[in-house]
Amino acid sequence: MEDFASAGANQVGDPQLQRIIEMETQKARFQALVHNLTDVCWEKCIDRPAAKLDSRSESCIVNCVERFIDTSNFVVNRLSDISKRSSPIN
């Protein structure tokens, strides 16, 4: 399914409007990513609700986020390498 920003960007001729649409799309994707990451790390690290995070839970959340970032960077770099190898050299 094509999202509104993608569909609209293809029909908009104004470059400034295209940049605004792209920035808003990136913001929405980032917010969705943060929401998903929060869900995953919360379920993994928080045993029970409390008034304050204990050190174990805080450490778990930090590690969860760092592993997610490491994994995302690895995937992006790997896909970039594959793309470079498969594209013809000019």
Completion exercise
In the range 59-90, anything in a helix (DSSP H, G or I) and loosely packed, with under 10 Cβ neighbours inside 10 Å is listed as SER83, LYS84, ARG85, SER86
Completion exercise
Within the range 40-58, residues being assigned to a helix (DSSP H, G or I) and more than 16 Å from ILE69 (Cβ to Cβ) number 6
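Read-outs throughout are calculated quantities, based only on the coordinates presented, and are distinct from any laboratory measurement. Computed from a prediction, not measured in an experiment: that's the story for all the values here. With ideal geometry, Cβ positions are generated from the backbone for all residues, glycine too; neighbour counts draw on all protein chains shown.
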